[in-house]
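The values are calculated or read from the model by the stated rules, or taken from the named source; none is laboratory data. Predicted, not measured: the structure shown is a model, and the values here were computed from it. Positions of Cβ are generated from backbone atoms using ideal geometry, with glycine treated the same way; all protein chains shown enter the neighbour counts. Please note that ligands, DNA and RNA were not included when accessible areas were found on the heavy atoms of the full protein model with its side chains. Shrake-Rupley method; radii C 1.70, N 1.55, O 1.52, S 1.80 Å.
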Number of protein chains: 2
Amino acid sequence: MNKIQKPTLEICLTPDAVSFIDLTGKITVIVDIFRATSTIVAGLASGVTHVIPVADIADALHYKTQDYVTAGERNGEKVEGFDIGNSPFEHMAQEFKKIVMTTTNGTQAIEAVKNTAEQVIIGSFLNLRAVTNYLKSQNKDVVIVCAGWKGRFNAEDALFAGALALKLKGDFWWEGDETLFTSHSYTSVKKNLSKILKHSSHYKRLAKKGVSDDMDFCLQIDKFKNVPVLEGDLLVNLEKV
Amino acid sequence: MNKIQKPTLEICLTPDAVSFIDLTGKITVIVDIFRATSTIVAGLASGVTHVIPVADIADALHYKTQDYVTAGERNGEKVEGFDIGNSPFEHMAQEFKKIVMTTTNGTQAIEAVKNTAEQVIIGSFLNLRAVTNYLKSQNKDVVIVCAGWKGRFNAEDALFAGALALKLKGDFWWEGDETLFTSHSYTSVKKNLSKILKHSSHYKRLAKKGVSDDMDFCLQIDKFKNVPVLEGDLLVNLEKV
């Protein structure tokens, strides 16, 4: 029995799981809901022209001499000496055009895939429909990579992966149990997403730092229509999504 | 505000995730629902006196000269030259007293924790209540380690972890998002557990090998009352659970 020709969809619940998958020829969707990928989407939707994601603080500071705004966090707090942190509101201020960014999890996940994947795009609840439409238009295998927290699983990234898997159902062959598991989970909690995620470890960690508004913002669905894509070292909006 | 003194409960969705946790002084519960830990529980409940879990086929064959029954699988199939495979029915045949066992995932997970954890016990749906009661009686931190499939996440182990987390709620502090996520998932699918797991990758993989009866058996809840524990190199039943 021949399978109908469809691309495949897989989910990595942590960046380490990428090591089990050959990313050659595949589109990877990087997910760090609280807050890096939500913030990148929000910034690029609001006047930022490009973001350079870097893994190290030292790399980010190197760009500061080239008129870049330095942005990011470690352990949820703005890096000392940086211009701004990792709040979507800071990145949407429309004062900034060029941002260099490093975060505890999100930019590390980009680093883990950028040399092997065919394309790296940025996903969040804020641009869920736009990402869905783009992936459906490409007819390529897709791997959703959850950034997690310091290499570990987290709930909000996995739930977004489940939401995106459900949107892509029918157009993609689901591979692996992560698709099954996260999609069932998303279905069961989506009506109370914000309430349930208030019990998650990362929400509680960040709420203690006084950024609950950021998290509420990041859980809005389809607020923006842009899809950031990595072109060389730069994250820019895809044209005509 | 002081936390009420309670032990902690964490879940590793894959054996690799153990590297993020200090297991010192903690009880680890090894979970490989399809089929290693279910089969170990069933065998020890049915006349087997002890099981030696080993990581390598060569190690298992070494014991064959010492009157051990060699048991196990690689990629879901009985190892060539072994006496029996990894089916609970084979292990329950009551002909065998001493078994040496190696499997693709379950015995590897035991190997990953046995030198660092204070105690290693064996969990499955078949002995869910017995494991729950034992853990509640110990007042020690607990880590549930899902064996997964070749290092990757799988649905049935994660759902069991969620089921056990729910049983322990109130008596343990849940640490990490895995507890939140797997417990919600278990709650949402428990009425259709068998039906939903028929879509899981490992179920489909094993069903092709004609062992669907094994899987149906492994999803029975509380069929047995024993809790296997690793004592030295041997898995034996805990006394008086």
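When the range B:142-170 is filtered for residues that are open to solvent by 10 Å² or more (accessible area, probe 1.4 Å) and either among the hydroxyl-bearing types (Ser, Thr, Tyr) or closer than 21 Å to B:Leu206 by Cβ (or both), the ones remaining, listed by number, are B:Trp149, B:Lys150, B:Gly151, B:Arg152, B:Phe153.
Kindly indicate whether any position in the range B:29-42 is closer than 23 Å to B:Leu168 by Cβ and of a type in the set (S, T, N, Q). Yes, that holds for at least one residue. Kindly establish whether B:Ile4 is buried (at least 16 other Cβ atoms within 10 Å of the Cβ) and either more than 14 Å from chain A (Cβ to nearest Cβ) or not hydrophobic (A, V, I, L, M, F, W, C) (or both). Considered against the rule, which asks whether it is buried (at least 16 other Cβ atoms within 10 Å of the Cβ) and either more than 14 Å from chain A (Cβ to nearest Cβ) or not hydrophobic (A, V, I, L, M, F, W, C) (or both), B:Ile4 comes out as no. Does the range B:56-65 hold any residues that are at pLDDT 90 or above, open to solvent by 10 Å² or more (accessible area, probe 1.4 Å) and either over 20 Å from B:Asn115 (Cβ atoms) or of a type outside the set (D, E, K, R) (or both), and which are they? If the condition is that a residue be at pLDDT 90 or above, open to solvent by 10 Å² or more (accessible area, probe 1.4 Å) and either over 20 Å from B:Asn115 (Cβ atoms) or of a type outside the set (D, E, K, R) (or both), then B:Ile57, B:Ala58, B:Leu61, B:His62, B:Tyr63 are the ones that fit. Residues that are within 10 Å of chain A (Cβ to nearest Cβ), open to solvent by less than 30 Å² (accessible area, probe 1.4 Å) and not β-branched (Val, Ile, Thr) within the range B:11-22 comprise B:Cys12, B:Leu13, B:Ala17, listed in sequence order.
May I ask you to verify whether A:Ile33 is surrounded by 15 or more Cβ atoms within 10 Å (Cβ to Cβ), within 25 Å of A:Leu197 (Cα to Cα), touching a helix residue (DSSP H, G or I) at 6+ places or on another chain (Cβ under 6 Å) and at pLDDT 95 or above? Spell out the reasoning first.
On the way: surrounded by 15 or more Cβ atoms within 10 Å (Cβ to Cβ): yes; within 25 Å of A:Leu197 (Cα to Cα): yes; touching a helix residue (DSSP H, G or I) at 6+ places or on another chain (Cβ under 6 Å): yes; at pLDDT 95 or above: yes.
Criteria met by A:Ile33.
Scanning the range B:190-205 for residues that are more than 9 Å from chain A (Cβ to nearest Cβ) and open to solvent by 30 Å² or more (accessible area, probe 1.4 Å) returns B:Lys190, B:Lys191, B:Asn192, B:Ser194, B:Lys195, B:Lys198, B:Lys204, B:Arg205. Considering the range A:143-157, the residues that are in a loop (DSSP other than H, G, I, E, B) and among the small types (Gly, Ala, Ser) include one that is farthest from the other protein chains (Cβ to nearest Cβ), namely A:Ala147.
Beta carbons closer than 8 Å, at least 6 apart along the sequence or on distinct chains, pair a first residue in the range B:76-91 that is free of Cβ contacts under 8 Å to residues at least 12 places away in the same chain with a second that is in a loop (DSSP other than H, G, I, E, B) and of a type outside the set (Asp, Glu) for B:Lys78/B:Gly85; B:Lys78/B:Asn86.
Only a single item in (1) open to solvent by 10 Å² or more (accessible area, probe 1.4 Å); (2) within 15 Å of the chain's Cα centre (by Cα) is not met by A:Asn139, and it is number (2).
B:Lys114 meets the stated requirement of being in contact with a strand residue (DSSP E or B) (Cβ under 8 Å, 6 or more places away or on another chain) and more than 29 Å from A:His184 (Cα to Cα). Can you say whether A:Ile110 is within 14 Å of another protein chain (Cβ to nearest Cβ) and either closer than 14 Å to A:Leu219 by Cα or among the aliphatic types (A, V, I, L, M) (or both), as far as the supplied structure shows? So A:Ile110 does not fit the description; no. Here B:Lys136 meets each of (1) within 13 Å of chain A (Cβ to nearest Cβ); (2) in a helix (DSSP H, G or I) with one exception, condition (1). The condition of being of a type outside the set (Asp, Glu), part of a loop (DSSP other than H, G, I, E, B) and closer than 18 Å to A:Phe217 by Cα does not hold for A:Phe89.
Looking across the range A:158-189, the residues that are within 12 Å of chain B (Cβ to nearest Cβ), touching a residue at least 40 places away in the same chain (Cβ under 8 Å) and either outside any helix (DSSP H, G or I) or in contact with a Gly (Cβ under 6 Å, 6 or more places away or on another chain) (or both) come down to A:Trp173, A:Trp174, A:Glu175, A:Gly176, A:Thr182.
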